[in-house]
Each structure stands twice: as C-alpha cells, then as structure tokens.
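The values are calculated or read from the model by the stated rules, or taken from the named source; none is laboratory data. Being a predicted model, the structure only gives us computed values, none of them experimental. Here the Cβ positions follow ideal geometry from the backbone for every residue, glycine too, while neighbour counts run over all protein chains shown.
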Amino acid sequence: MEYNPTEIADEAIRCAKAFGNLEQLVLPDVSILQDRLQFSSVSDDHGRFNIWAGNIGAYRVGPASLDSRLAEVALVRGQILKLLKDLNYSLDEGSFARLHANSFLDGVAIELTVYL
C-alpha cells in the first residue's frame, strides 16, 4: 500500500460529513419519539467520533497528524483506515435507508390522501 500523508485525515473528514448527512435526514421528524431517540443517538455518536478524531489527531495534517505518526506502522495505520472506511460505509447505508424510508412514507401518505 502506497503511503498517502493525508489518507486518515481525508477518511475521518468523510466520516464526519457522513454523520452530518445522517443527522440531517433524521432531524425533520424529531417530533416523533422514535426519531428523537434516533437523532439523539446519531448526534451522540457524531460527538464521540469528533472527540476521538480530535484527540488522536485524525483530522490533522502534518507532523502532529495521526497519518504522520503511523507512517512507519503500516499494520495499525491500515487497520484504522479499514475501520474508518467501514464506518463511512455504514453511515452512508444508514443515510440511504433513511432517505428511502422517508420517500416511501411520503408515497404512502399521498396514496392514503387519494383514497380518503
């Protein structure tokens, strides 16, 4: 694997954006208890991720970055990248599911209005 000095930072930023996207998809329906709990859970996890990434230097570039500190430890660096990519994939899947659930529910509401 070729060393990219900003690969972890880039992936961490993608994860933070994916958390934000999922929060925005859950936010419109916070009046429903289940959605309020989902928003709270996503928001809490986003906060935890930001704290972890900030403390460990995952967002940084340069000598203080996690990328730089793990440049010589390919196994650990690779594992962190894998976990960040897995997290990003899961967040994207959650956003996709939520987006399609909202579209489905909108379609059901329109059909119910037509029949009523």
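Quick notes on this structure:
- When we screen Ala58, Ala64, Ala71 for residues that are in a loop (DSSP other than H, G, I, E, B) and more than 14 Å from Asn4 (Cα to Cα), the only hit is Ala64.
- Each residue in segment 61-70 was checked for being modelled with pLDDT of 95 or more and either surrounded by fewer than 12 Cβ atoms within 10 Å (Cβ to Cβ) or touching a Leu at 6+ places or on another chain (Cβ under 9 Å) (or both), and 0 of them qualify.
- Of everything in segment 27-56 that is in contact with a helix residue (DSSP H, G or I) (Cβ under 7 Å, 6 or more places away or on another chain) and over 14 Å from Ala16 (Cβ atoms), the residue that is modelled with the highest pLDDT is Leu27.
- Check on Val76, in a helix (DSSP H, G or I), touching a Leu at 6+ places or on another chain (Cβ under 8 Å), at pLDDT 95 or above and of a type in the set (Val, Ile, Thr): yes
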